[in-house]
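Here is the structure we will look at, set down as structure tokens.
The values are calculated or read from the model by the stated rules, or taken from the named source; none is laboratory data. Worth saying up front: this structure is predicted, and the values here are computed from it rather than measured. Cβ placement follows ideal geometry from the backbone for every residue including glycine, while neighbour counts extend to all protein chains displayed. These accessible areas exclude ligands, DNA and RNA; they are computed on the full protein's heavy atoms, side chains included. Shrake-Rupley method; radii C 1.70, N 1.55, O 1.52, S 1.80 Å.
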Amino acid sequence: MENLFRLADQDQGFFQRKWTLVNGPVIVGAGPSGLATAACLREQGVPFVVLERAECIASLWQKRTYDRLKLHLPKQYCQLPKMPFPEDFPEYPTKRQFIEYLESYAKHFDINPKFNECVQSARYDETSGFWRVKTVVMSGSNRTEFEYICRWLVVATGENAERVVPDIEGLAEFGGEIIHACDYKSGENFQGKKVLVVGCGNSGMEVSLDLCNHNASPSMVVRSSVHVLPREIFGKSTYELAFFMLKWLPIWLVDKLMLILTWLVLGNVEKYGLKRPSIGPLELKNTQGKTPVLDIGALEKIKSGDINVVPGIKRFSRGEVELLNGKKLDIDSVILATGYRSNVPSWLQEGEFFSKNGFPKAPFPNGWKGNGGLYAVGFTRRGLSGASSDAISIAKDIGMVWKQETKQHKKRTIACHRRCISQF
């Protein structure tokens, strides 16, 4: 408490703002990573506050994903700590089922985020030993500023906080509809249209497939090499198979085996314009964070010609695009499946733990804990299982300190009570 008054003395305007002293950590983000951390803290008996800029939990899943989305991995690799998926859920739950699971998860662990609170800045006060987290709450035209003071700060805004929109020559002159994949819901509104899908990751592949299923004519831009793997190999999850082999074999050998099995199932995909990287899929994921595409039907459409694979873009002009190979395509719409990025550098005033790209500098599995009570969850590039692992580690670390301090406080209270009694 003495440190808190020191902090107030440093800023004469401190008590003129609305502020809250949090008796526990502040978690920024109410997506799966933030919810997992909150649940694990609840199990440790540690109070917390969750701040969320949107008006709902898991806003990426609820507001920025397409309708046909399903989990790409079996549900046992996507469940959060302390609570499995319902048994009657399919092996690959739908978007709606996953959201239902997250809502049940939040209710079960009594997680009640403060919605519509956008964090503007967070910095560590060296003198007081507290984090100062400033937020803005918008209610209609009213703008209210808050400040949270806390011992621990958990960054749970994730790898996909902001859309990436590339700067492509002539895009502003195109004149047709241009949307990011995060605003795409289904191909229903694109029926009969010629659509350029920029990007060939999981989103680009699945959006192209969905467009085909709604009688659109998609052309998919494949600018660089990409690993395309079957979602299942001989009835077994590709991820599960790789995970099993990694227990016994080095990663380079597992990569070779996976590519041989992929060739047996999918054939040679390079002749369709899908050149494979020189680095294996697992090693590429580990070293560069690039996720392989798990095919759920797009490859068949590519082989049949329903999805047209094209090289990189040179420039746009009105109603058409010129490709790097000199060809020009007439197109009606553009969908940018160009990915997402972390937004941490825009609000966290810290340079030791996080790098400029918004990811922890330390590689997995050591990227969850920084200095001064700073933690990161959901930045492992290992999906929901990586976020769960971080959440468990963070809660145990904070819980250990919390329990020790609570125990010492109780001892001091009892000792004080005994001294008071002895005076009578």
Has segment 322-333 got any residue that is touching a helix residue (DSSP H, G or I) at 6+ places or on another chain (Cβ under 9 Å) and in the same structural domain as residue 170 (by the TED database)?
-> yes
Could you count how many residues in segment 45-56 are open to solvent by less than 20 Å² (accessible area, probe 1.4 Å) and closer than 24 Å to residue 151 by Cα?
-> 4
For segment 267-308, which residues satisfy the criterion of being among the small types (Gly, Ala, Ser), in a helix (DSSP H, G or I) and touching a Lys or Arg at 6+ places or on another chain (Cβ under 6 Å)?
-> none
Looking only at segment 366-404, which residues are under 17 Å from the mean Cα position of the chain (by Cα), assigned to a loop (DSSP other than H, G, I, E, B), of a type outside the set (S, T, N, Q) and at negative phi?
-> 367, 368, 377, 379, 382
Inside segment 86-169, counting only strands (runs of 3 or more DSSP E) that do not spill past its ends, which hold 2 or more residues that are free of Cβ contacts under 8 Å to residues at least 12 places away in the same chain and open to solvent by 10 Å² or more (accessible area, probe 1.4 Å)?
-> 142-150
Pairs under 6 Å by beta carbon, first residue within 20 Å of residue 143 (Cβ to Cβ) in segment 47-58, partner of a type in the set (D, E, K, R) and open to solvent by 10 Å² or more (accessible area, probe 1.4 Å), six or more apart or different chains?
-> 51/114; 51/117
Could we say that residue 355 is open to solvent by 20 Å² or more (accessible area, probe 1.4 Å) and in contact with a Pro (Cβ under 9 Å, 6 or more places away or on another chain) here?
-> yes
Residue 197 passes all but one of (1) of a type in the set (A, V, I, L, M); (2) within 21 Å of residue 310 (Cα to Cα); (3) free of Cβ contacts under 8 Å to residues at least 60 places away in the same chain; which number fails?
-> (3)
Do you know which of the residues in segment 19-44 that are open to solvent by 40 Å² or more (accessible area, probe 1.4 Å) and closer than 22 Å to residue 129 by Cβ is modelled with the lowest pLDDT?
-> 19
Among (1) in contact with a Pro (Cβ under 9 Å, 6 or more places away or on another chain); (2) modelled with pLDDT of 95 or more; (3) not polar (S, T, N, Q), residue 331 falls short only on (1)
Restricting the search to segment 61-78, which residues are within 19 Å of residue 291 (Cβ to Cβ), open to solvent by 60 Å² or more (accessible area, probe 1.4 Å) and in a loop (DSSP other than H, G, I, E, B)?
-> 68
